[in-house]
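The structure appears below as structure tokens.
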Amino acid sequence: MMAEVNSLHAHAKVYIGIVHQLREMISKDGLQPGDKIPSERELTDRLNVGRSSVREALRALELLGLIETRRGEGTFLRDFRDHHLIDLLGMFILQDDKAQSDILYAKMMIEKEALKDLYYEKKKMDTLVEKISDSENLNEVFREIVLMSPNHLSHRIWNILNDFETLICGEKALTPAIKEELIKMLQGIQHQEKETVQETYKRVRKIVDKDVTISNIFF
């Protein structure tokens, strides 16, 4: 019995190791969603592992929706934002009001940190101000704001939280009133007007999220 357990642990370590190697290889090769990944044979050679182990790791990633196999073409990376688990979690877990509130607050924490970073780095906002004029979606604007901050992990987390929120609440339209406040907020960053940034962000969130209380950004 102990031998069987040890064998299972050893198998799990090999499998997890292959998944980690695949992730590192994808990052090193600069592969993006929609790109083709190497064949099983090439992966076996590059990772120096058995072909059956590679096949098992790929099967698990496909079941998770992270890759897809197209007959006669090969295996491709999928866009994480199209991940079917987002739908399942939204349907079965995130109907709870507290969970929805937590998602919103976590999103706002990341947005406020991004605004603070841009303020202290004295970032120029001209390009983003121009984009707001043509945009129709509030979340797309905040995605750009978070993307401009130096914390790449925060951007990934914000994307996932935004997918959950959008699934539950739908897209948030960028009305003329919100556009005006956003432009003031970005100009406040550029002109180093802390109170302007703080107050305009509050007003934007008050319009969009109505009953949510927003704390100050900078303290």
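The values are calculated or read from the model by the stated rules, or taken from the named source; none is laboratory data. No experiment lies behind these values; they were computed from the predicted model shown. Please note: Cβ atoms are built from the backbone with ideal geometry, for glycine as well, and neighbour counts cover all protein chains shown.
Key figures
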quantity: Extreme residue, modelled with the highest pLDDT, among residues of the stretch 62-90 that are surrounded by 14 or more Cβ atoms within 10 Å (Cβ to Cβ) and assigned to a loop (DSSP other than H, G, I, E, B); calculated: 78
quantity: The stretch 18-36 - residue that is in a helix (DSSP H, G or I) and in contact (Cβ under 8 Å) with a residue 24 or more places away in the chain and, of those, nearest to residue 79 (Cα to Cα); calculated: 26
quantity: Lone qualifier among 115, 128 - being part of a helix (DSSP H, G or I) and closer than 20 Å to residue 161 by Cβ; calculated: 115
quantity: Residue tally, condition surrounded by 15 or more Cβ atoms within 10 Å (Cβ to Cβ) and among the aromatic types (Phe, Trp, Tyr), over the stretch 106-129; calculated: 1
quantity: Flag for residue 123 being at negative phi, part of a loop (DSSP other than H, G, I, E, B) and touching a residue at least 12 places away in the same chain (Cβ under 8 Å); calculated: yes
quantity: Residues of the stretch 37-61 satisfying the condition of being exposed (fewer than 13 other Cβ atoms within 10 Å of the Cβ) and either of a type in the set (Val, Ile, Thr) or touching a residue at least 24 places away in the same chain (Cβ under 8 Å) (or both); calculated: 39
quantity: Hits in the stretch 33-48 - residues which are touching an Asp or Glu at 6+ places or on another chain (Cβ under 9 Å) and of a type outside the set (Gly, Ala, Ser); calculated: 33, 35, 36, 37, 38
quantity: Of the criteria (1) surrounded by 17 or more Cβ atoms within 10 Å (Cβ to Cβ); (2) modelled with pLDDT of 90 or more; (3) not polar (S, T, N, Q), which one residue 193 fails; calculated: (1)
